[in-house]
Amino acid sequence: MSCYEHPVRMEPRAPQATPSELKNGARVKANDVPPAGVYRPNYNVLTPHMRSPEYVQMSTAAALTLGIMSGRMYRCECTRCLNLLLTYPEGCRANCAYCGLARHREAERDYADRNFIRVDWPAVPLAQTIDIVARDGAASPFHRMCISMITHPRSDEDTRTVLRQWTERIDPATIPVSILSNPTTMTRDDVKRLHELGADIFTVALDAATPEIFDRTRGKGVASPHSWAKYWEILLAARDVFGRGKFGAHVIVGMGETERDVLALVQQLVDLGGHSHLFCFFPEKGSLMDHLPATPRDQWRRVQLARYLIDYRGVRVEQMRFDGDGRLVDFGLPAPELEDVIAAGVAFRTSGCPGKFADDVSACDRPYGDSPPSDIASYPFAPNKTDLRRIRRQLRIVPES
Ligand code: SF4
């Protein structure tokens, strides 16, 4: 089914007011339970009082790979990116409509217990995390570390502290560091300082493909502090400071934009010297968009393939053709060449900052961060023949017999 046959307006619910006694992590601060090592989200115990830089949160996949949690992931042995998310009882002060960490959830769930990109994020002492990675040295399964800032008054300073403590023990040439920034609290000097401290890549989570969608989902539309202009100011500062190939933007596909909108943005980023990292919209439980449909797979696959052609095969958006609804109808590449790209499968893997395998293979594989394993959107591994048959069906390209 295509979104063009059954258009849905991707309108977030309005955020509810939070009682003042539950604002700003008041419950966690009042209980003031001292943390005792790794904390796994658990709604049946009082959430400990944990703060960055002493504590960081990490994805379930990263915790499994680090060996501090046991379990197995569907068809994945590990993740190649150790994402460290800053954590505070007050949580993120923004209210992005698609995000499980958003402020409007503070009455319902303590920050450290909130789901984010479909998974739990255990909280771990930073020192313990660094000890394990430093001990493993060049044998570490991680190809990259990423500090994910959130919107909090301390996040700039704490990001620098985490980066400093990491690089004192771990050579950034062995495991390079990316910054997933929070432009709302940042200046150009903050961008420079992170570069001087050894960060390798700087990314900006634009998330929305157009200024209107940005405003509706993470600006005034949901009482959130972000602005498109500020995000672009910091993105352009990152281009100047970090340079060609060392900055990028996250974009969520399927929040109401057309395929032409998102691919025009992808082209703009390439023309500036950067990359785009795509996410397939998924209705995150507890978010203001959890009642809305995930991106139809045909739409997602077309955008995923076209973005790969623009980022890595030199095809330009002007060579592609779109119908009157902005839907991609021609990828701008002769059929045999297009078939080779599809058959290679890399275009359908998770996009993000590179690891050690190849420039076009992301270290940040985010297993099942934007879909359930039963209907994979971004493949965290190389798709096999069965996967590629499914992808071709989703692209509506009939396999050759
Ligand atoms: S700023 Fe980032 S972490 Fe905070 S609500 Fe928005 S998307 Fe979520």
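The values are calculated or read from the model by the stated rules, or taken from the named source; none is laboratory data. All of these numbers come straight from a predicted model, not from anything done at the bench. Please note: Cβ atoms are built from the backbone with ideal geometry, for glycine as well, and neighbour counts cover all protein chains shown. Note: areas computed on protein heavy atoms with side chains; ligands, DNA, RNA excluded. Shrake-Rupley method; radii C 1.70, N 1.55, O 1.52, S 1.80 Å.
A few notes on this one:
- When residue 103 is tested against (1) within 16 Å of the ligand (Cβ to nearest atom); (2) under 16 Å from the mean Cα position of the chain (by Cα), just one condition goes unmet, and that condition is (2).
- Lone unmet requirement of (1) in a helix (DSSP H, G or I); (2) of a type in the set (A, V, I, L, M, F, W, C); (3) closer than 29 Å to residue 36 by Cβ for residue 145: (1)
- Residues of segment 285-305 that turn out to be touching a strand residue (DSSP E or B) at 6+ places or on another chain (Cβ under 9 Å) and either among the aliphatic types (A, V, I, L, M) or in a loop (DSSP other than H, G, I, E, B) (or both), as a count: 4
Okay, residues lined up against (1) within 21 Å of residue 152 (Cβ to Cβ); (2) free of Cβ contacts under 8 Å to residues at least 24 places away in the same chain:
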| residue | (1), (2) |
| --- | --- |
| 21 | yes, yes |
| 81 | no, no |
| 87 | yes, no |
| 90 | yes, no |
| 97 | yes, no |
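- Qualifying residue in segment 92-100 (condition: of a type in the set (Phe, Trp, Tyr), open to solvent by 10 Å² or more (accessible area, probe 1.4 Å) and within 14 Å of the ligand (Cβ to nearest atom)): yes
- Flag for residue 112 being within 16 Å of the ligand (Cβ to nearest atom) and among the small types (Gly, Ala, Ser): yes
- Residue match in segment 368-378 (condition: crowded, with 18+ Cβ neighbours inside 10 Å and not in a loop (DSSP other than H, G, I, E, B)): no
- Residue, nearest to residue 225 (Cα to Cα), within segment 148-161, restricted to residues that are away from the ligand (no atom under 13 Å from the Cβ) and in contact (Cβ under 8 Å) with a residue 12 or more places away in the chain: 153
- Tally, over segment 9-64, of residues that are open to solvent by less than 30 Å² (accessible area, probe 1.4 Å) and either part of a strand (DSSP E or B) or of a type outside the set (Gly, Ala, Ser) (or both): 14
- Test: residue in segment 202-220 that is surrounded by fewer than 23 Cβ atoms within 10 Å (Cβ to Cβ), away from the ligand (no atom under 16 Å from the Cβ) and in contact (Cβ under 8 Å) with a residue 24 or more places away in the chain: yes
- Residue within segment 49-60 that is more than 16 Å from the ligand (Cβ to nearest atom) and modelled with pLDDT under 95 present: yes
- Residue 33 being modelled with pLDDT of 95 or more, out of contact with any helix residue (DSSP H, G or I) (no Cβ under 7 Å at 6 or more places or on another chain) and β-branched (Val, Ile, Thr): yes
- Condition met for residue 176 (modelled with pLDDT under 95 and either more than 23 Å from residue 241 (Cβ to Cβ) or in contact with an Asp or Glu (Cβ under 8 Å, 6 or more places away or on another chain) (or both)): no
- Considering segment 63-90, and only residues there that are within 29 Å of residue 208 (Cα to Cα) and touching a Gly at 6+ places or on another chain (Cβ under 6 Å), the residue that is nearest to the ligand (Cβ to nearest atom) turns out to be 90.
- Segment 135-183 - residue that is farther than 21 Å from residue 204 by Cβ and among the charged types (D, E, K, R) and, of those, least open to solvent (accessible area, probe 1.4 Å): 136
- Residue 224 among the polar types (S, T, N, Q) and within 16 Å of the ligand (Cβ to nearest atom): yes
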